[in-house]
Amino acid sequence: MPATVELNSGGLRERQKARRYQAILDAARQLFPQLGFQATSMEAIAELAEVGVATVYNYFGSKGALLVALQEPEFAVLEDRGAELLQRAPDNPVDGVKQLVGIYRHFQNDWSNRQLLSAIIAPGLSAEPVLDALAEKAEAQLKTQLSTLISSYQSAGLINEEIDTDDAAIVVFCVFNQHFINYVTHDQVAFDSMSRDMDRQIGLIIKGLSTS
């Protein structure tokens, strides 16, 4: 009987921890876009989650780590969607590469919160190494999928066989990243016009690598 009581008690504690963990995540998910990452304090998150601020630090360690916990699942979704496209890529290399890049433009509701984007995936703009690590992981993820996609077109004879696909992926990513940095740092840049410019320039690159 005592063993059963101890087991039930342990299960209750774990459920309470899970609820607190989720309450903190939900509070941060509400406040970061509303106030901006820099302006959101751990105290405000704790108050909204109805926990002590020490509990927030105990669960996540820092505000940056909390943001990472929120965003890693979103990057996982992007990776899955990219993988799906690799399995059913369009016949035209230009269309395929533009569609893959377009998947990553849908991150954070079409890059709607520039302050949050700057904190999440702009290496060197944050003060927390954990955020730079997340940015590097996201960059590697997109480059890998770009290289894989371009390699598939190369195997099909649609991309010049002399092209190094990793180099091609880096060039495409640089265009993507240049537009991203310009977008998050300039409020006057519109998402739709930025997307058109990005697609046009990426299209020029892929056309230049194509055999047709």
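The values are calculated or read from the model by the stated rules, or taken from the named source; none is laboratory data. These figures come from a predicted structure and were not determined experimentally. When we count neighbours, we look across all protein chains shown, and the Cβ atoms used for this are built from the backbone with ideal geometry, even at glycine.
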Selection from region 45-73 of residues that are in contact with a Leu (Cβ under 6 Å, 6 or more places away or on another chain) and either over 27 Å from HIS106 (Cβ atoms) or of a type outside the set (A, V, I, L, M, F, W, C) (or both): GLY64
Lone unmet requirement of (1) surrounded by fewer than 18 Cβ atoms within 10 Å (Cβ to Cβ); (2) in contact (Cβ under 8 Å) with a residue 12 or more places away in the chain; (3) of a type outside the set (S, T, N, Q) for ILE202: (1)
Could you identify the single residue in LEU67, LEU116, LEU100 that is under 14 Å from the mean Cα position of the chain (by Cα), crowded, with 19+ Cβ neighbours inside 10 Å and over 26 Å from GLN201 (Cβ atoms)? LEU67
Filter region 143-168 down to residues that are in contact with a helix residue (DSSP H, G or I) (Cβ under 8 Å, 6 or more places away or on another chain) and of a type in the set (Ser, Thr, Tyr) and give me whichever is surrounded by the fewest Cβ atoms within 10 Å (Cβ to Cβ). THR144
Within region 126-173, track down each residue that is over 18 Å from the mean Cα position of the chain (by Cα) and either β-branched (Val, Ile, Thr) or not assigned by TED's automatic domain parsing to the domain that holds ILE202 (or both). THR148, ILE150, ILE159, ILE163, THR165, VAL171
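Could you say which residue among ASP95, ASP110, ASP26 is surrounded by fewer than 17 Cβ atoms within 10 Å (Cβ to Cβ), out of contact with any Phe, Trp or Tyr (no Cβ under 9 Å at 6 or more places or on another chain) and in the same structural domain as ARG200 (by TED's automatic domain parsing)?
Working: ASP110 fails: out of contact with any Phe, Trp or Tyr (no Cβ under 9 Å at 6 or more places or on another chain); ASP26 fails: in the same structural domain as ARG200 (by TED's automatic domain parsing).
None of the others qualify; the one that does is ASP95.
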